[in-house]
Amino acid sequence: MKKFLKILSVPFILGGVGALVWLETKRPLRREVESKAVRNGRNLAVAALAALALQLTEKPVAARLTKLVERRNLGLLKSVRLPKWGETILAVGLMDYTLYHWHVLTHKIPFLWRFHLVHHVDLDLDASTALRFHFGELVISVFWRSMQILVIGVSPASLAAWQMFLFASILFHHSNLRLPENLDKWLQNFIVTPRLHGIHHSIVRAETDSNWSSGLTVWDRLHGTFRSDVPPAEIIIGVPAYQTEDEVVLTKILPLPFEEQKNDWQLTAGDSAAKHLK
Ligand SMILES: [Zn+2]
């Protein structure tokens, strides 16, 4: 039965992703800087390496740890008696909250930022950016994921539920989809929307240092990091020191974490984006 459901979910996932990509072309939120074909090819190449890294590291570790949690009743949620559905909802919420903190750390700790930077130097933002994480960032995050599973007490079923929630959420909020403004605003009460996450990908540091959540907006509201005051038309996507197309090609971004770091938040003199930095 489980296997059957897994097979059945494939056309739904592919259909959902296809619909989102199609809608992005019909109702774009931001004007694109680079050619879509070039960017998508590059992002999918980074994503393929990331997927391989996840298969080899996070997947086996998380599978073992979630089974251990189930068998030995480890962690917060296993120390209280909860119905299965209640446990799953709380696990998804707590995984989302602790991922908020991991995201903040990937920006604040210079060693982690070297890797997360590869995600941020994309000059455009669309569903393909959601998959474009440096494989190194994903390997390093196995440590955080392990702690999340053990401390929260995440079962295999809860982990699967959270992964599905996260996957749908990151594809949606990275997408270049212009939802009706009222709908986007209403959704912001609950979840991260394309307009909100665009602010996190701005070249203006004060704007990047907001909207850290990967799922529910409640965490940003709780920590005073929620921002919805920057319209998409006023945002330049990327990191100031990497504003030209030749700086973000595949052969430059893959070795980026291992090279000497630039002054990331400084624009090069004469850069056309300079006037937008306040
Ligand atoms: Zn980020």
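The values are calculated or read from the model by the stated rules, or taken from the named source; none is laboratory data. Just so we're clear, the structure is a prediction, and the values are computed from it rather than from any experiment. Quick reminder, even Gly has a Cβ in these numbers, built from the backbone with ideal geometry, and neighbours come from all protein chains shown.
Among the candidates Ile199, Ile203, the residue that is within 16 Å of the ligand (Cβ to nearest atom), free of Cβ contacts under 8 Å to residues at least 40 places away in the same chain, buried (at least 18 other Cβ atoms within 10 Å of the Cβ) and of a type outside the set (Asp, Glu) is uniquely Ile199.
The set of residues in segment 61-77 being in a helix (DSSP H, G or I) and farther than 27 Å from Ser128 by Cβ consists of Ala63, Arg64, Leu65, Thr66, Lys67, Leu68, Val69, Glu70, Arg71, Arg72, Leu76, Leu77. When segment 97-140 is limited to residues that are within 15 Å of the ligand (Cβ to nearest atom) and among the charged types (D, E, K, R), the one that is farthest from Ala50 (Cα to Cα) turns out to be Lys108.
Scanning segment 244-258 for residues that are closer than 26 Å to Glu207 by Cβ, touching a helix residue (DSSP H, G or I) at 6+ places or on another chain (Cβ under 9 Å) and part of a loop (DSSP other than H, G, I, E, B) yields a total of 2.
Tell me, please, whether a residue that is touching a residue at least 40 places away in the same chain (Cβ under 8 Å) and under 24 Å from Val139 (Cα atoms) can be found in segment 178-190. Within segment 178-190, none of the residues are touching a residue at least 40 places away in the same chain (Cβ under 8 Å) and under 24 Å from Val139 (Cα atoms). If you filter segment 79-96 down to residues that are among the charged types (D, E, K, R) and surrounded by fewer than 17 Cβ atoms within 10 Å (Cβ to Cβ), you find that the one that is nearest to the ligand (Cβ to nearest atom) is Lys84.
So that you can scan it fast, the table gives a plain yes or no per residue for (1) within 30 Å of Pro231 (Cβ to Cβ); (2) touching a Phe, Trp or Tyr at 6+ places or on another chain (Cβ under 9 Å); (3) modelled with pLDDT of 90 or more:
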residue	(1), (2), (3)
Met1	no, no, no
Phe12	no, no, no
Gly15	no, no, no
Arg27	yes, no, yes
Arg31	yes, no, yes
Ser35	yes, no, yes
Val38	yes, no, yes
Ala45	no, no, yes
Ala50	no, yes, yes
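Scanning segment 155-190 for residues that are assigned to a helix (DSSP H, G or I), buried (at least 18 other Cβ atoms within 10 Å of the Cβ) and not aliphatic (A, V, I, L, M) yields Ser158, Trp162, Phe165, Ser169, Phe172, His173, His174, Asp184.
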